[in-house]
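Take this structure first; my questions come after.
The values are calculated or read from the model by the stated rules, or taken from the named source; none is laboratory data. Since the model is a prediction, treat every value here as computed from it, not as a measurement. Neighbour counts run over all protein chains shown; Cβ positions are idealised from the backbone, glycine included.
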Amino acid sequence: MNLIIPHIEFLKTLRELCTKHGAVLIFDEVMTGFRVHLGGAQALYGITPDLTTLGKVIGGGLPVGAFGGRRDIMQCLAPIGAVYQAGTLSGNPVAVAAGLATLKLVQAPNFYEELTKKTKSLVDGLTKAAHDLDVKFSAQSVGGMFGMYFSEKAPTSFDEIMKSNKEQFNQFFHHMLSSGFYFGPSAFEAGFVSISHTDQDIHHTIEAAKKAFQALK
C-alpha cells in the first residue's frame, strides 16, 4: 500500500498486546530490511518482534530469503525441533556470497546517513516541482524508501491512499517511463533509492518529473 510511516504508539501497542496475550509478533521486513536502518525498521523504531522475515536484499538482490527470531521459536525447527523447513535455494552459495558482500557495504561508515540524504533530496525535489505547477502531490521517505502520492498531504492509512488521484499517477508513471525513468507501476508501491544513485541521477529525475507534472495540467 505504498509507504505509510507508522505511529510509534501503534507499534508499541502491538508489542504490548502480543506480549500480554502470548501472541507472536511478526515484522515483515522484506521491504524495510537494510533499507531504512542496518537493523531494519525494528531498530529504527525500537520495537523487538518475535519473528522477522527478510527478502532478497540479504542476497544482494539474488533469490534468497530468511526468517529468524526468538530462540524458543526457532528451536521448533528441524534439526533441533519437529517442524521441517527446507527449500531448493536454501543456503545457495552464490546468493549467500552476494549477501555477505552486501552486508559489508551497508556497514560502511555513514552509509545510512548518505542513503537518507539522497532519498530526501529526490522526495523534496519532486514535491517542489509538483507544487510549483500547482499539482496536488505529497511525498515522504524513510532511509532509502519513499512514497509519492497525488494528494495534498501524505496519507496515514490505506483508506487515504485509496482517495489519492490514481489516474494522475498513471499518467505520471507513463510519462516518466517514456523519458527513461522507471518508477513502480502502481500507486500502491513504495519506491527505493540506491546508494549507487548519484546526485546527477536524482537531478535528472527531478528535471524529467517537471515535464511530467506539466503534462498533467
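Within the stretch 147-186, which residues are closer than 16 Å to T127 by Cα, in contact with a helix residue (DSSP H, G or I) (Cβ under 8 Å, 6 or more places away or on another chain) and part of a loop (DSSP other than H, G, I, E, B)?
Result: F150, S151, P155, F183.
Please specify each residue of the stretch 114-146 satisfying the condition of being within 19 Å of the chain's Cα centre (by Cα) and either surrounded by fewer than 15 Cβ atoms within 10 Å (Cβ to Cβ) or not in a helix (DSSP H, G or I) (or both).
E114, K117, D124, S138, A139, Q140, S141, V142, G143, G144, M145, F146
Here is a further query. Taking the condition under 19 Å from A98 (Cα atoms), buried (at least 17 other Cβ atoms within 10 Å of the Cβ) and either assigned by TED's automatic domain parsing to the domain that holds I195 or modelled with pLDDT of 95 or more (or both), does G59 pass?
no
For the stretch 46-56, which residues satisfy the criterion of being in a helix (DSSP H, G or I) and surrounded by 21 or more Cβ atoms within 10 Å (Cβ to Cβ)?
Those that are in a helix (DSSP H, G or I) and surrounded by 21 or more Cβ atoms within 10 Å (Cβ to Cβ): none in the stretch 46-56.
Next up: Report the residue count in the stretch 58-117 for those that are over 30 Å from S141 (Cβ atoms), touching a residue at least 12 places away in the same chain (Cβ under 8 Å) and among the aromatic types (F, W, Y).
Residues that pass the stated criteria total 0.
Right, something else. For the stretch 64-88, what are the residues that are at pLDDT below 95 and either touching a Gly at 6+ places or on another chain (Cβ under 9 Å) or closer than 19 Å to L105 by Cα (or both)?
The answer is V64, G65, A66, G87.
Any residue at all in the stretch 206-217 that is within 14 Å of L133 (Cβ to Cβ), part of a loop (DSSP other than H, G, I, E, B) and touching a residue at least 12 places away in the same chain (Cβ under 8 Å)?
yes
Here is a follow-up. Which residues, counting only those in the stretch 70-79, are exposed (fewer than 11 other Cβ atoms within 10 Å of the Cβ) and either in a helix (DSSP H, G or I) or among the hydrophobic types (A, V, I, L, M, F, W, C) (or both)?
R71, D72, A78
Consider T198 carefully, then state whether it is modelled with pLDDT of 95 or more, in contact with a Leu (Cβ under 7 Å, 6 or more places away or on another chain) and under 29 Å from T102 (Cα atoms).
no
Just to check your reading of the model, which residue among V57, V30, V64 is of a type outside the set (F, W, Y), over 17 Å from the mean Cα position of the chain (by Cα) and under 28 Å from K118 (Cβ atoms)?
V64
Take the residues in the stretch 80-110 that are part of a helix (DSSP H, G or I) and β-branched (V, I, T), then tell me which one is surrounded by the most Cβ atoms within 10 Å (Cβ to Cβ).
Per the stated criteria, the residue is T102.
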